[in-house]
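The values are calculated or read from the model by the stated rules, or taken from the named source; none is laboratory data. Please read these numbers as outputs of a predicted model, since none were measured by experiment. Note: ideal-geometry Cβ built from the backbone for every residue, glycine included; neighbour counts use all protein chains shown. The area values use the complete protein model at the heavy-atom level, side chains included, leaving out ligands, DNA and RNA. Shrake-Rupley method; radii C 1.70, N 1.55, O 1.52, S 1.80 Å.
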Amino acid sequence: MLTKYRLLTIAGLTIALTVGACVIVVPTLTRHMVREHQQNVILEFDRWADEHSIVTDRETAIRAAGMIDYISTYYPPGDGYRSDSETERRLADARHNAMSRIANALSAYTGTVMAHPLDWPAELCDNTAQVPRSGEPSDAPESPSRAF
C-alpha cells in the first residue's frame, strides 16, 4: 500500500512540475527567443538601410521603394511575437530609421519629397512607373516632409 502512495505522489509531483514548466518556463523562454530574433531584425534593418539608401538609377529606385514597403511589414510585434518593451521600442526605431533613410535617398534621387516613406512604393513598385532622373522635373506634386 505504501508503494502505491509513493507512485501517486511521484506522479502528482511530476504532473505539477510539468504544468508549472508550461505556465512559467515556456512563455519566458519564448520571450527570450523572440527578443534575440528581434535584435537580429534590428541589425537586418540597418544592413538594408545601408544597402538601399544608395539610389543611382531607375532600378535601384524601384528596389528601394519596394524595400520600404517590405520593411514596414517585416516581423512586427504582435500576439505570439512579443519580447520586452525596450527591445520592441528599439525595433520600431530601427524600422523607422531604415525606412526614412531609404526614403531620403529616393527623395534625393528623384527630387520629390513624399510626406511619408510608405508613399513611395505606390509610385515606384510598378515596373512601368516613370522614375524621374536626378535633376529632371517630377510630375508628382511635392508635399512637405513631416515627422512620422
**Request:** Using a 1.4 angstrom probe on heavy atoms only, work out the carbon and sulfur share of the accessible area of the range 1-41 in %.
**Result:** 75 percent
**Prompt:** Which values, in whole Å and largest first, are the semi-axes of the equivalent ellipsoid of the range 1-65 obtained as the square root of 5 times each eigenvalue of the Cα gyration tensor?
**Reply:** 57, 9, 6
**Request:** Could you rank the peptides 37-47, 56-66 by their average count of other C-beta atoms within 10 Å per residue, with the highest value first?
**Result:** 56-66, 37-47
**Item:** Sulfur and carbon atoms: percent of accessible area, the range 60-108 [1.4 Å]
**Value:** 50 percent
**Prompt:** So for L91, L8, what's the accessible-area order with a 1.4 Å probe, most first?
**Reply:** L8, L91
**Asked** In whole Å, how far is the Cα centre of the range 12-48 from that of the range 67-93?
**Response** 16 Å
**Prompt:** To the nearest 10 square angstrom, what accessible area does Y70 show with a 1.4 Å probe?
**Reply:** 110 Å²
**Fill in**
Taking 0.36 nm per residue of separation between T28 and E51 and subtracting their Cα-Cα distance, the length gained on full extension comes to 4.8 nm
**Item:** In nm, spacing of pseudo-spin labels at R6 and E36 (7 Å Cα→C-beta vector)
**Value:** 4.0 nm
